[in-house]
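To keep things clear, I will list the structure first and then write my remarks on it.
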Amino acid sequence: MKILSGIQPTGSIHIGNYLGAIKQWVELQEKNECIFFIADLHSLTIPYKPEELAKNIIEAAIAHLAAGIDPQKSIFFVQSDIKEHTELCWLLNTVCPVGELQRMTQYKEKTKQFKKNINAGLLVYPVLQAADILLYKAEGVPVGKDQVQHIELARTIARKFNQRFGKVFPEPKALLPKIGAKIMALDNPKQKMSKSLGPQSYISLFEDSKEIKKKIMSAVTDTGKVIKYNPNRKPGISNLLTIYSLFSEKPIKELEKKFKDKGYAYFKKSLTQLLIDSLEPFRKKRKELLSREVFVKETLKVGAKRAQPIAESTIHETRAKMGLA
Ligand code: TYM
């Protein structure tokens with residue numbers, strides 16, 4: 001299967017991004033043709049500091065490499081290095097109904113969150129995302145739950161284009177992990193773990209031991225003492241069980257049994273240790289990569305060189321179908 005996915009370079013990559021998306025990418029690259037990229041153009045739609053962007057892109061690249069993206073197996077690059085993303089976005093804008101864009105949950109959330117900066121980019125954001133996917137004719141898009149609506153719109157756009165101009169694009173499918181597609185915030189388990197909720201809500205992939213301990217021990221849990229998975233009635237402990245299960249690769253049922261009468265504090269201590277141990281190799285690898293910035297930049301350039309001819313070929317085909325020479 002042809003796989004593609006991306007992530008925005010907006011500060012720390014957290015364990016929600018890892019469990020919802022990157023962990024799948026690392027597995028998928030073993031047996032599939034994979035393309036992964038840093039969505040820097042998408043990140044321009046919310047307030048940011050231009051002088052920090054280049055650093056954030058390198059940080060995001062390092063995070064991927066540290067988490068196991070192998071540039072020998074996957075094509076890995078920065079979105080804005082391939083101009084065809086923006087060209088295809090414009091062409092697809094002409095087949096995408098505005099009503100669909102106005103209905104997008106993330107658009108509605110972001111216009112509430114950034115009232116003073118409701119730019120047109122926020123609205124057409126999902127069209128750029130569709131362009132990212134369709135430019136490489138990707139079939140599977142491994143993402144967390146919050147991105148499903150955008151992938152469905154990419155399907156709609158592909159279908160509308162194919163109907164009007166003749167078949168160019170396959171209709172992509174979202175690939176969700178069986179569990180962990182929506183990791184919740186540690187300090188508010190009714191909301192999705194997210195950078196925008198502030199550092200208390202998430203654990204970064206490179207968090208140090210002291211912070212991990214502080215954040216897990218103070219994570220919001222529910223009343224009662226029994227360690228039981230029930231996301232509706234016990235969202236806090238269920239979220240922690242999900243995280244435990246994914247990092248330990250043990251089924252939730254087994255964890256419920258193991259921690260049955262042990263109480264929340266004991267369970268949280270155990271989870272703290274598990275996270276410290278699981279994230280240690282990522283921290284080590286990041287440290288090594290931070291001292292090899294030239295290598296990281298070169299890796300991204302090589303990735304862009306591999307992506308370029310695929311992008312050019314699709315643009316050529318799309319332009320021809322639309323009557324542009
Ligand atoms: P972004 O940068 O917000 O998130 C990157 C990936 O992490 C997943 N994710 C989560 N999964 C589980 N639990 C969470 N709490 C959690 N938070 C984030 C997201 O679902 C996503 O898979 N628009 C995209 C980037 C993008 C893209 C694309 C993705 C641009 N072009 C083309 C796929 C295909 C975004 O903002 O992801």
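Observations
- Of all residues in segment 161-186, those satisfying the criterion of being more than 10 Å from the ligand (Cβ to nearest atom) and under 16 Å from L128 (Cα atoms) are F161, F169, E171.
- From Y48, Y18, residue being under 15 Å from A60 (Cβ atoms), in contact with a helix residue (DSSP H, G or I) (Cβ under 9 Å, 6 or more places away or on another chain) and within 12 Å of the ligand (Cβ to nearest atom): Y18
- Apart from one condition, G224 fits all of (1) without any contact (Cβ under 8 Å) to a residue 24 or more places away in the chain; (2) at negative phi; the exception is (2).
- Any chance E27 is more than 26 Å from P309 (Cα to Cα), out of contact with any Lys or Arg (no Cβ under 8 Å at 6 or more places or on another chain) and modelled with pLDDT of 95 or more: no
- Checking each residue in segment 154-175 for being part of a loop (DSSP other than H, G, I, E, B) and in contact (Cβ under 8 Å) with a residue 24 or more places away in the chain picks out G166, V168, F169, P170, P172.
- A residue that is exposed (fewer than 15 other Cβ atoms within 10 Å of the Cβ), acidic (D, E) and touching a residue at least 40 places away in the same chain (Cβ under 8 Å) can be found somewhere in segment 199-213.
- Check on L197, aliphatic (A, V, I, L, M), assigned by TED's automatic domain parsing to the domain that holds I133 and within 14 Å of the ligand (Cβ to nearest atom): no
- K234 vs. criteria surrounded by fewer than 14 Cβ atoms within 10 Å (Cβ to Cβ), at negative phi and not hydroxyl-bearing (S, T, Y): no
One line per residue, one yes/no per condition, for (1) of a type in the set (F, W, Y); (2) farther than 22 Å from K23 by Cα; (3) assigned by TED's automatic domain parsing to the domain that holds Q113; (4) assigned to a helix (DSSP H, G or I):
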| site | (1), (2), (3), (4) |
| --- | --- |
| K190 | no, yes, no, no |
| D222 | no, yes, no, no |
| N232 | no, yes, no, no |
| Y266 | yes, yes, no, yes |
| L275 | no, no, no, yes |
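- The lone exception for L153 - which of (1) closer than 30 Å to A320 by Cβ; (2) hydrophobic (A, V, I, L, M, F, W, C); (3) within 10 Å of the ligand (Cβ to nearest atom) it fails: (3)
- Of all the listed residues (K137, K167), the sole one being on the phi > 0 side of the Ramachandran plot and at pLDDT 95 or above is K137.
One line per residue, one yes/no per condition, for (1) under 29 Å from S278 (Cα atoms); (2) surrounded by 17 or more Cβ atoms within 10 Å (Cβ to Cβ):
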| site | (1), (2) |
| --- | --- |
| D40 | yes, yes |
| H64 | yes, yes |
| D70 | yes, no |
| V78 | yes, yes |
| N117 | no, no |
| G121 | no, no |
| L128 | no, yes |
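- The residues of segment 250-295 that are within 23 Å of K215 (Cα to Cα) and small (G, A, S), listed by number, are G263, A265, S270, S278.
The values are calculated or read from the model by the stated rules, or taken from the named source; none is laboratory data. All values reported here derive from a predicted model rather than from experimental measurement. Note that each Cβ is placed from the backbone with ideal geometry, even for glycine, and that neighbours are counted across all protein chains shown.
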